[in-house]
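What follows is a set of notes on a single structure, which appears directly below.
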Amino acid sequence: MFWLGTILATVLSCVVIAVVILYQKRLKEYQITLLKQRLSIILEAEHKERARIARELHDGVCSELLCVINYLQIIKLYQDKKTKKDALKQIKKISLNCYKQLQVLSYHLAPPHIKDNALECIFSDFINLIKKSTTIEFSYHYTDASFQIKEKEKLILYRVVQELVQNIIKHSSASKVSLKLVWEQDKLIILISDNGVGYDSDFKSDNAKKGIGLSNIHARLKEINARFKHIREDNSNTIGIYFENQDNKSSNSR
């Protein structure tokens, strides 16, 4: 009986060890698959963003530079002073417009001073730049910051707000948009409100059918353990991003 009990205990131990090893292997495979899916979403979103910028450069800046070349030809061919003066005036106007377009595009590609500037200053510059390129009325408010945010976290929050604002401009038919940064003791709440028609933002599960823009936002926010909430009413939409100071939580748990 003793040997039988020993054999059964050994077999049971081997089975338990095998189950644990199999579980760990499958868990690791699932985590790798999930990571690949998130990476794929982000890469696809970045590819679409590059395509959008290339399209805007081609349709906007390149077309206007072609007009500048045509006006330069007019200056070269015509001797009439008034014609030359009018052509120079148009060249100045087009060049200024090209400069504004390139300024907006370059800011979207790489917002300056992410590392050194506070998040509220970065968003202030962003909103001021957006105001120059749209007729939508923007307002911006923030409370005093209560903790420091790392460079990676600032960049992700900036990219998410940038994507959401672009979605509002393109799809919501809004005439007014407000951005608010509410700092609490160990939490930052970013609220984006508009008076447009809204759009689908079901973030309840990873398997939900979402557009690539919203999927990208979802993946980015997961990187910094931030939450997303969308409140839709009859004549308004409010998007809330909730970010907790992980450093403060870690120090409190020790």
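Every read-out reported here was derived from the displayed coordinates using simple, explicitly stated rules and does not represent laboratory data. In this text, all values refer to a predicted model and were calculated from it rather than measured experimentally. Ideal geometry is used to build each Cβ from the backbone, glycine not excepted, and the neighbour counts take in all protein chains shown.
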Below 19 Å, Cα to Cα, which lysines can K152 reach? Residues fewer than 8 away in the same chain don't count. K115, K187, K222, K249
Between A174 and residues 5 or more places away or on another chain, the pairs with built amide H atoms under 5 Å apart involve V197
Can you work out the Karplus-derived ³J(HN,Hα) for every residue in the stretch 232-237? Use 6.51 cos²θ - 1.76 cosθ + 1.60 with θ = phi - 60°, whole Hz, and x for glycine or proline. 10, 10, 4, 10, 7, 9
Hey, what do the phi angles of the stretch 73-85 turn into as Karplus ³J(HN,Hα) couplings, whole Hz, using 6.51/-1.76/1.60 and θ = phi - 60°, x for Gly and Pro? 5, 4, 4, 6, 8, 9, 9, 4, 5, 5, 4, 5, 5
Would you mind ranking K222, K28 by Cβ crowding within 10 Å, fewest neighbours first? K28, K222
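Once fully extended, how much extra length lies between A145 and S173, figured as 0.36 nm per residue of separation less the alpha-carbon to alpha-carbon distance? Present the calculation step by step, with values, prior to reporting the outcome.
Details: separation 28, 0.36 × 28 = 10.08 nm, distance 3.21 nm.
That pair, A145 and S173, stretches by 6.9 nm at full extension.
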Label 7 Å along Cα→Cβ of L102; the stretch 118-145 residues with amide nitrogen under 19 Å? 129-130, 132-133
